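Enquirer: Next up is a structure, given as structure tokens.
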Amino acid sequence: MHVAIVVTVFVLIFLGELPDKSMFATLVLALRGHKAAVWAGAAAGFLVHVSIAVTAGGLIALAPHAVVASLAAVLFLGGAWYVLRHEEEDDAEEAVGVVDTVGRRRMFGTAFLVVFVTEWGDLTQILTANLAARYNAPIQVGLAALAALWLVAGLAVLASRLLQKLPITGVKRASASIMVVLAVWSALSAADVVSF
């Protein structure tokens, strides 16, 4: 069961982060140089947010089953709507702004701050908290989410020019579809029709 949790969380967070403003911000910063420093800064920012998300999810998991399942259903539906309706590219350019990014330390600091600021209340942070509560497995969820976020940041850094051509609409639709299925499953679980 733990492998299924890790794989599910990894796929959901990976798909949720691909069309995200943090990915685009990392991509933009990577185009400016010092790719390793950009990745390290983004990775540090994601580490902070995943830690916060799994802690919040652990607290949510203390609620009764029906409450957790209902909340999960609402959050999954909200996440699906957000993915389909929100434009991330413009937000990423705004987040990076006209930052002087000369030097490795400055690139690290800029990437960390951009991810730290843009991830508050972000889809993947909320989804990580939701999954930690749903599965009541904060360590597995946290590690899988962190691996997915680090991979997306790595892809943005390594293939920054190619990722600009990625069909974001398809990724958004896939992410939203998976979240709708999970919302329905969570709602059925809240009604004791299926097991959580």
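Enquirer: Within region 20-33, is even one residue without any contact (Cβ under 8 Å) to a residue 24 or more places away in the chain and within 27 Å of L77 (Cβ to Cβ)?
Expert: Checking region 20-33: not a single residue is without any contact (Cβ under 8 Å) to a residue 24 or more places away in the chain and within 27 Å of L77 (Cβ to Cβ).
Rundown of residues vs (1) under 15 Å from the mean Cα position of the chain (by Cα); (2) within 16 Å of A156 (Cβ to Cβ); (3) modelled with pLDDT of 70 or more; (4) not hydroxyl-bearing (S, T, Y), yes/no style:
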residue: A30; (1), (2), (3), (4): no, yes, yes, yes
residue: A43; (1), (2), (3), (4): yes, yes, yes, yes
residue: A53; (1), (2), (3), (4): yes, no, yes, yes
residue: V68; (1), (2), (3), (4): no, no, no, yes
residue: L71; (1), (2), (3), (4): no, no, no, yes
residue: A92; (1), (2), (3), (4): yes, yes, no, yes
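Enquirer: Which of the residues spanning region 111-124 are assigned to a helix (DSSP H, G or I) and open to solvent by 20 Å² or more (accessible area, probe 1.4 Å)?
Expert: F112, L113, F116, V117 - these are the residues of region 111-124 that are assigned to a helix (DSSP H, G or I) and open to solvent by 20 Å² or more (accessible area, probe 1.4 Å).
Enquirer: On the basis of being over 17 Å from the mean Cα position of the chain (by Cα), more than 30 Å from A191 (Cα to Cα), modelled with pLDDT of 75 or more and open to solvent by less than 40 Å² (accessible area, probe 1.4 Å), does G58 make the cut?
Expert: no
Enquirer: Sticking with this one: Can you find even one residue in region 148-156 that is at pLDDT 85 or above, open to solvent by 10 Å² or more (accessible area, probe 1.4 Å) and within 12 Å of the chain's Cα centre (by Cα)?
Expert: yes
Enquirer: Say we look at region 112-145 and pick out the residues that are hydroxyl-bearing (S, T, Y) and within 15 Å of I60 (Cβ to Cβ); which of these is modelled with the highest pLDDT?
Expert: Looking at the filtered set, the residue picked out is T128.
The values are calculated or read from the model by the stated rules, or taken from the named source; none is laboratory data. Quick caveat, the model's predicted, so the values are computed rather than measured. FYI the Cβ positions are ideal-geometry reconstructions off the backbone, even for glycines, and counts take in every protein chain you see. For the accessible areas, the whole protein counts, side chains as well, though only heavy atoms, and no ligand, DNA or RNA atoms are used. Shrake-Rupley method; radii C 1.70, N 1.55, O 1.52, S 1.80 Å.
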